[in-house]
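The values are calculated or read from the model by the stated rules, or taken from the named source; none is laboratory data. On a predicted model such as this, the values are computed, not experimentally measured, just so you know. We place every Cβ from the backbone using ideal geometry, glycine too, and count neighbours over all the protein chains shown. Note: accessible area is taken over every heavy atom of the protein model, side chains too, but ligands, DNA and RNA are not part of it. Shrake-Rupley method; radii C 1.70, N 1.55, O 1.52, S 1.80 Å.
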Amino acid sequence: MTTERQRPPILKPNEFYTFRSYFQMKFAPADILRELGVTLTKTTINLPVAASELLTRLSDLRQRLEEAIARVSLTSEAARREVLIAPILLEVAHITKAIVNIEYPIEVNQYLRGDLDYYLQSKHNILVVEAKQADLTRGFTQLATELIALDTWVESDEPILYGAVTTGDIWQFGSFDRQEQKVSQDLMLYRVPTDLEILMQILVGILMQS
């Protein structure tokens, strides 16, 4: 009779982890999330999409982003935040009347604690993580752990929590099914400024979904 061998845990019971800790881990995202009791799936997410008529200032935003991309060196994280991410989120907030929380601190337990890069609160909420070092893969792992933390932190009974990870010019969405304890990673990538209209429709749609 053979006994099943257990591998050493990734997360140590006597250590504390911030959301940034998960970005720095080299382990497979699914292995990390499994230790938090959550499964990971890569799929096409049926995201809410707002009507394009709501985007009354889209052409102005597109023009400003295109000019910024042409004129500003986007090699630093600060540049990408200020020139690409912030203008998009502020326009989304204008449309949805959302509150924009920047570096919003939460602490659930020793494994789930830290600051959320951007947390927009309106009729519904959305979490946005800047992918450090322009690394979308590890940035999504960080997004996933933050969505897991929000499941405990938020007081609403919404069945699905939404988030996005972005390098500024590339965006990827994720969702967390609170009942099934499952994170879904969207297969689609949205590029700025090429896919700006549909990206804005999704961000606005998530916050204003009926």
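If you place +1 on the Cβ of every Lys and Arg, -1 on the Cβ of every Asp and Glu, and leave all else neutral, what size is the dipole of the stretch 44-86 about its Cα centre, to the nearest 20 Debye?
Numbers: 6 positive and 6 negative charges, 13 e Å.
Charge dipole of the stretch 44-86: 60 debye, to the nearest 20.
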Taking Cα atoms, the helix 196-208 axis meets the longest principal axis of the chain at an angle in degrees (rounded to 10) of 60 degrees
For the stretch 94-210, what is the charge dipole size about the Cα centre, in debye to the nearest 20, if Lys and Arg each add +1 at the Cβ and Asp and Glu each add -1 at the Cβ? 100 debye
Per-bin percent of Cα-Cα distances, the chain [10 Å]: 8, 35, 35, 16, 4, 1, 0
Which whole-Hz couplings ³J(HN,Hα) result when phi for each residue of the stretch 125-130 is put into the Karplus expression 6.51 cos²θ - 1.76 cosθ + 1.60, θ = phi - 60°, listed in order with x for Gly and Pro? 10, 8, 9, 10, 10, 7
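Kindly provide the GluC sites (Glu not before Pro) of the stretch 8-93 that DSSP labels as loop, not H, G, I, E or B, and whose Cβ sees at most 16 other Cβ atoms within 10 Å. The partial results should precede the final answer.
Numbers: sites: 15, 35, 53, 66, 67, 77, 82, 91; in loops: 15.
Qualifying residues, ordered by number: 15.
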Among 78, 14, 102, whose Cα sits farthest toward the positive end of the charge dipole of the chain (+1 at Cβ of Lys/Arg, -1 at Cβ of Asp/Glu, about the Cα centre)? 14
Quick one: with all protein chains in place, what share of the accessible area of the stretch 118-210 is carbon or sulfur, to the nearest percent (1.4 Å probe)? 47 percent
Per residue, what accessible area does the chain have, given a 1.4 Å probe and all protein chains present, in Å²? 52 Å²
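So how strong a dipole does the chain carry about its Cα centre when Lys and Arg Cβ are +1 and Asp and Glu Cβ are -1, to the nearest 20 debye?
Working: 21 positive and 28 negative charges, 91 e Å.
Computed charge dipole of the chain: roughly 440 debye.
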Over all pairs of distinct alpha carbons, what does the Kirkwood formula give as the hydrodynamic radius of the stretch 46-85, in Å? 11.8 Å
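Restricting to bridges with both residues inside the chain, how much of the DSSP beta-bridge set is antiparallel, in percent to the nearest 5?
Working: 26 of 35 bridges.
If I count the DSSP bridges inside the chain, around 75 percent turn out antiparallel.
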How long is the gain from residue 42 to residue 97 if the chain were fully straight, where each residue apart is worth 0.36 nm and the alpha carbon distance is subtracted? 16.7 nm
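Just to be sure I understand: if I project the alpha-carbon convex hull of the stretch 125-171 onto a plane and average over all orientations, what area do I get in nm²? Please report the intermediate quantities before stating the final value.
On the way: hull surface 12.8 nm².
Across all orientations, the stretch 125-171 yields a mean hull projection of 3.2 nm².
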Answer with one residue from 203, 68, 111: the one whose Cα lies farthest towards the positive end of the charge dipole of the chain, charges on Cβ with Lys, Arg +1 and Asp, Glu -1. 111
Under 15 Å from a point placed 7 Å out from the Cα of residue 188 along the Cα-to-Cβ direction: which residues of the stretch 49-91 have their backbone N that close? 49-52
Choose one of 120, 30, 44: the residue whose Cα lies farthest towards the positive end of the charge dipole of the stretch 1-123 (beta-carbon charges +1 Lys, Arg; -1 Asp, Glu; about the Cα centre). 30
For the stretch 167-173, just list the computed ³J(HN,Hα) in residue order, Karplus coefficients 6.51, -1.76 and 1.60, θ = phi - 60°, integers in Hz, with x standing in for Gly and Pro. 8, x, 9, 10, 10, 9, 9
